Amino acid sequence: MDHLGDLDVFARVVTAKGMSAAGRELGLSPAVISKRIRRLEERLGVRLLQRTTRQIALTEAGQGFYERVVSILASVEEAEAWVARGSAMARGVLRVSAPTSFGRMHIAPHLKGFLDAHPAVTVDLVLSDAFVDVVGDNFDLAVRIADLADSSLVAKRLAPNHRLLCATPGYLAKRGVPKTIEDLARHTLIAHNTDHWRLEGPSGPETVRIEAPLRTNSSEVVREAVLAGIGIALRSTWDIGPELQAGRLAVVLPGYGGSRRLGVYAVYPSRRHLEQKVRAFVDFLAALYGPTPYWDAGLKLAAGA
């Protein structure tokens, strides 16, 4: 039984001074209104309204009941408004997974701004280069750098991800500057967790085999190795933008780069009933990075980067 709905119908009949007027306010027929009032009276075991052909009047029981119903409905309205205010405010623990280097460089330094804007939120930031199970591991969202066009989760693109071949000027002066994709076979190539690169260039996709004196499962080790002048690496501009700007690294084969489909994404289980804390953090990162993220500012990026 919709007891609260019956109370609302009763109060509307009283304030509108008639069933027809109450029906128009509620979008119900007079017959339905009458049925709801009759059901309420039967449940209470008293007559609430005296009906005549021209008007209605409250009985003594109806008058006392109406005064209390108005108070109840006002309390319900206030409770609903309180919940609405609370749901509009970001609050609670926000569990976020992010890649280790990206999280350290491009999430952690900006957390103060987010926390200042949302003082009722606690961020639990877990950094890992593994693709975590967002649902199974109880994360609210994950930041991923990948091609997520076919993701089973909701994936919001936060920024492009440009990947370039690069090396130090010292390495290139010693070993020579590659002129063609085939020239890479004569160079030291550094990567982690792979024995090949899939590049995109002027002629379309290219696969480059990697045989290097250094093997590692750490992207950060590759970064330090290329900066030390060991060889050529495929790096994202969010990782090496300042070094490119300062001339510590130079772009190799600027017509080639990583997949254009890669991007920086926020992924989360569902758009339905999205908690405000998740929405606020996703919006914060999207505004922080944008279509041209700050780490790409001033860089000349080839079409295939």
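None of the figures in this text is laboratory data; all of them are computed from the coordinates on show. Everything numeric here is computed off the predicted structure, so don't read it as measured data. Cβ coordinates were reconstructed from backbone atoms using ideal geometry, including for glycine residues, and neighbour counts include every protein chain displayed.
Computed from label points 7 Å out along Cα-Cβ, the spacing between residue 32 and residue 135 is 3.7 nm.
In terms of its Cα atoms, the stretch 229-279 spans 49, 22, 18 Å along the principal axes, sorted from long to short.
The dipole here belongs to the chain: it is taken about the Cα centre, uses +1 on the Cβ of Lys and Arg and -1 on the Cβ of Asp and Glu, and is about 640 debye. The distance between label points at residue 179 and residue 157 comes to 3.7 nm (points 7 Å beyond Cα on the Cα→Cβ vector). Got a sec? Which residues in the stretch 115-140 would a label at residue 218 touch, if it sits 7 Å along Cα→Cβ and we count backbone N under 18 Å? In the stretch 115-140, the label zone of residue 218 (backbone N under 18 Å from the point 7 Å along Cα→Cβ) covers 127-130.
To the nearest 0.05, what FRET efficiency results for residue 274 and residue 128 with a Förster distance of 25 Å applied to their C-beta separation?
Details: r = 24 Å, r/R0 = 0.94.
In this case the efficiency is close to 0.60.
Only one residue of 162, 90, 56 has its Cα farthest out toward the positive end of the dipole of the chain, where Lys and Arg carry +1 and Asp and Glu -1 on Cβ, and that residue is 56. Sequence-distant contacts, meaning Cα pairs under 8 Å at least 6 residues apart, place the relative contact order of the chain at 21 percent.
With neighbour counts taken as other beta-carbon atoms within 10 Å, the residues 186, 39, 51, 163 rank, fewest first, as 186, 51, 39, 163. Could you list log10 I(q)/I(0) for the stretch 163-257 at q = 0.14, 0.20, 0.23, 0.25 Å⁻¹, which the Debye formula gives when each Cα is one point scatterer? Here log10 of I(q) over I(0) equals -0.44, -0.96, -1.30, -1.55. The lysines within cross-link reach of residue 35, meaning a Cα-to-Cα straight distance under 30 Å and a gap of 8 or more places when in the same chain, are 17.
Taking 25 °C and 0.890 mPa s as the conditions, I'd like the Stokes-Einstein D for the chain in µm²/s, using the Kirkwood hydrodynamic radius from alpha carbon pairs. Rounded, D is 101 µm²/s. Dipole size of the stretch 163-257 about its Cα centre, with +1 on Lys/Arg Cβ and -1 on Asp/Glu Cβ: approximately 180 debye, rounded to the nearest 20.
What percent antiparallel are the DSSP beta bridges of the chain, to the nearest 5?
Working: 29 of 40 bridges.
Here the share of antiparallel DSSP bridges comes out near 70 percent.
Add -39500 (n - 2.57) for each DSSP H run of 4 or more in the chain, then divide by its residues: what number comes out at 222 nm, to the nearest 500 deg cm²/dmol? Mean residue ellipticity at 222 nm (helix-derived): -12000 deg cm²/dmol.
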